[in-house]
Structure formats: C-alpha cells, structure tokens
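Since the structure comes first, as structure tokens, the remarks are kept for the end.
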Amino acid sequence: MEATQLMSHYITLTQHLIEEQRKHNSITADLCLLIEAISHACKLIGYHVSRGALGEAYGSTDRENIHGEIQKKLDILSNNIFLTANEWGGNLAAMASEEMEGIYLIPDSFPRGNYLLLFDPLDGSSNIDVNVSIGTIFSVLRCSDSRTPTEQSFLQQGSHQVVAGYAVYGPQTSLVLTTGYGVNCFTLDRELGSWILTHRDLRIPLETREYAINSSNQRHWYTPVQRYVSEMIDGADGTRKADFNMRWIASMVSDVHRILHRGGIFMYPADKRMPRRPGKLRLMYEANPIAFIIEQAGGAATNGKNRILDIYPQSLHERVAVFLGSKNEVDRVTRYHLKG
Ligand code: P6P
C-alpha cells in the first residue's frame, strides 16, 4: 500500500490535536506546539532506549541523582533531550524533572510562555539494562508568573493540569495523552516517524480481577492494604468469592498502560519501614499526570484516603501513596483506609 494510501487511513497526532481544538477550543496553538515538541522528545528517547547495548548511553554512571539513586546514562540523556526539545518553543516559562533538584528556567535566549512542564524522563530505570518496557511521564500546568517563575509556581493541585501523558518504550512505542477530554493512545509508525491514533477514548472497566503491587513489601504494609490484598489472595475461597491475578512490572507506565487497556489496580502504598514517608512515587511528575489520565478514562486514583488530584503539594519532589485503576477496586481499598 502506497504511503499516501496508508496515511489516508491514519489520524496523526497533529490532525488529532487540530480536531480536538475545533471540538473543544481548549488546545491553544501554544499548547499544540508544546505537545508536538514533547512527542518528538519521546520519539528520540524511544530511539535511544531501543539501541540498548548498541547505544552510547548504555549502563550506569557513577553518579547519584538528587534522591540518592544511581543514575543510568539514559536517565541523563533523556532529561537533556526533554530540556533541549522543549526550551525553544516560546510556550514554557520553566520545567521541572525528577532528575533535577531545582526548576529549569527557560534561558533568556528564548521567549517565555505561559505553561510549566514537569516530567519523569525515564521511569522504571531499573528495567533499562534488562530490556523490559520503561517510559516517560509528563504533566503541563499553567504559569501565572511566567516572567519570574519559582518552585512555588509549580506547586498546584493535580486538578489544575491542562495536559498529561506518558510514552511507553516497549514492543511498540506508544504515546498516551489527555487534554481533559478523554484519553487517546498513539502508536509510533517507525517507518513514517509519525504518531498514529490507534486507540480512541480509552475506558477502564469498573471491575477487575487483576492487581499490581510489590508483594515483597507485604510484611511492612499497614492493615488496610494487608486486608485488601489478603482477600484477593484468598480468592474464590474467601470473602471476595473470586480468584485474582497479579502483575508487577516495576515500571509504573507499563503497569498503568495494561490497566488502561484491560482494567486492574496499581498500588504503591506507604509502609512501616519509613513511617514519615507517605509513599515511594512522586506526586508532581508521576502520580498527578497518571491520576489525570486514569480519571479521564473512568478510573479512580487516591492516596488511600484522598483523591490524588486534590492534594495540595508542599514541595516539588514530594512523595505520595498511590492506589489507582478500576474505580470499584480503588473505592474498596480507599474505604478500608477510611474505616481504619
Ligand atoms: P519497586 C520505578 O523506579 C518506579 O518509580 C515505578 O515506575 C515502579 O512502579 C516502582 O518504582 C517500582 O518500585 O520498589 O518495586 O522497585
């Protein structure tokens, strides 16, 4: 089939954004360009990830990131790709990343815009060297003080996000995106270099028989999680009267992508090991964008007690407990927390 014929069946990311703008008048030209630039950065990151041991960014550095985690060479490369791809567009005032302690002000050599971009450039790094799917997570907020943005400018509730998305670098390279009007999935056509709309308006089933949690932490969990997970392990012999399946990829975007397509619940609870630490995952550039996507697809996302998108952030890199996915299951485990 000729490329032109092929393309006649395809809706590209660009066409989708223009159609969304016509429908909802919600995607300004600035935002359109920003999403396109983000999608280009994801394409580039996906290329380097796919190179594996053949690439020049394979393996670990001898450096730790701000969280004391050994940085992979691809972590640093992915972070720089995001900065370079997004700093010139004139639509951002500043950026923030899991890989950077402070915020990144758009250099004076470029015009500043009215949005803020937050990202985890490569989530699931522990899987990089063993060829397991990993991803990039991003979130866009409006900036009220674009001339002199500070860390405080970023500290907005997740419900203020205007765009959220992630890329999964796996057997396919996928881009999942919401602008507040549902969730759409694009698959990278590597020959054309185009993001093609392959799954329109994804919806998460309310019910599920599949859960995702790192069960090696079981002895540290607090009672509500102990109860919720043990009821699923009891299966048809227990109070749930149904058997459950378990998955844990240790790459949030991959577990979330599965949940978006077939339902499930993903959990990373706080536990007794560090009572003062609310969880492992980061609120601003992991939990918030994923929670926005999950809710836009009909799912639910809480920290065990409160809706994640309602949380008032206190700092850029703060952590949060996460329970997200099929609404009826998230509601159940949240009820167990609220009952105490
Ligand atoms: P654990 C990856 O480091 C990550 O932030 C998420 O992508 C993933 O779900 C989780 O941590 C895995 O954590 O403790 O199972 O290695």
Fill in the blank from the handout: Yeah, the range 9-199 with a ≥ b ≥ c from its alpha-carbon gyration tensor (a/c under 1.5 is rounded, else prolate when a/b outruns b/c, oblate otherwise) is oblate
Problem - Cα-based helix-to-principal-axis angle, 252-262 vs the chain, degrees rounded to 10 - result: 80
Problem - FRET efficiency, 1/(1 + (r/R0)^6) with R0 35 Å, evaluated for Asn306 and Ser144 via beta carbons - result: 0.90
Fill in the blank from the handout: The helix 73-86 Cα axis meets the longest alpha-carbon principal axis of the chain at an angle in degrees, between 0 and 90 and rounded to 10, of 50
Practice task
Compute the signed sum of charges (Lys and Arg +1, Asp and Glu -1) over the other residues within less than 14 Å, Cβ to Cβ, of Phe138.
Solution key: -4
Practice task
Evaluate the charge dipole of the range 72-207 about its Cα centre and quote only its size in Debye, nearest 20, assuming +1 on the Cβ of each Lys and Arg and -1 on the Cβ of each Asp and Glu.
Solution key: 340
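Bear in mind these aren't lab numbers, they're just calculated from the coordinates by the rules spelled out. Computed from a predicted structure; not experimentally measured. As a convention, Cβ positions derive from the backbone with ideal geometry for all residues, glycine included, and neighbour counts pool all protein chains shown.
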